[in-house]
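Structure, as structure tokens:
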Amino acid sequence: MKTQKIIYWITTGILCAIMLYSATMYFINTEMIKGFFESFNYPTYIVIPLAIAKILGVITILSNKVTWLKEWAYAGFFFDVVLAFTAHMVAEDGGALFSIIAFFALIGSYTSGKKVRP
């Protein structure tokens, strides 16, 4: 059980760090991120709401207060990571590495969290 807790907190920490880094970049370099979104053919009006959703998702996962909301946060992160990976692969910009790391951290956090945290 102790190994599962370690795996959970490491993967959750990595996932949350990547999501917070991404949200921070969305706020600090909004125009640059909007340019990336345009090149990926994504609408630019979702940049700030997506950054806010990422921050709220991190808070939800770390607080572990409402189980159904935590499930939705993991689902939202899953779709975000898959779409980010796809966009970076199509654009061939070499930015897919963070998406791959976030994907494995997401899977590790979710599966080990089921065993560690109710």
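We did not get these values from a lab; they are worked out from the coordinates using the rules stated. These figures come from a predicted structure and were not determined experimentally. Methodologically, a virtual Cβ is constructed for each residue, glycine included, from the backbone with ideal geometry; neighbour enumeration extends over all protein chains shown.
Identify all residues within region 80-97 that are over 19 Å from Val47 (Cβ atoms) and surrounded by 13 or more Cβ atoms within 10 Å (Cβ to Cβ); write none if there are none.
Across region 80-97, the qualifying residues are Met89, Ala96.
Would you be able to say whether some residue in region 102-109 is part of a helix (DSSP H, G or I), closer than 18 Å to Tyr26 by Cβ and not charged (D, E, K, R)?
Going residue by residue through region 102-109, those that are part of a helix (DSSP H, G or I) are 102-109.
Now drop any that are not closer than 18 Å to Tyr26 by Cβ, which leaves 102.
Next, from what is left, pick out any that are not charged (D, E, K, R): 102.
Yes, region 102-109 contains at least one residue that is part of a helix (DSSP H, G or I), closer than 18 Å to Tyr26 by Cβ and not charged (D, E, K, R).
What about Phe27, is it part of a helix (DSSP H, G or I), of a type outside the set (Ser, Thr, Tyr) and surrounded by 13 or more Cβ atoms within 10 Å (Cβ to Cβ)?
Against the criterion (part of a helix (DSSP H, G or I), of a type outside the set (Ser, Thr, Tyr) and surrounded by 13 or more Cβ atoms within 10 Å (Cβ to Cβ)), Phe27 qualifies.
Go through region 49-66 and give me each residue that's of a type outside the set (A, V, I, L, M), surrounded by 13 or more Cβ atoms within 10 Å (Cβ to Cβ) and within 22 Å of Phe37 (Cα to Cα).
Result: Lys54, Gly57.
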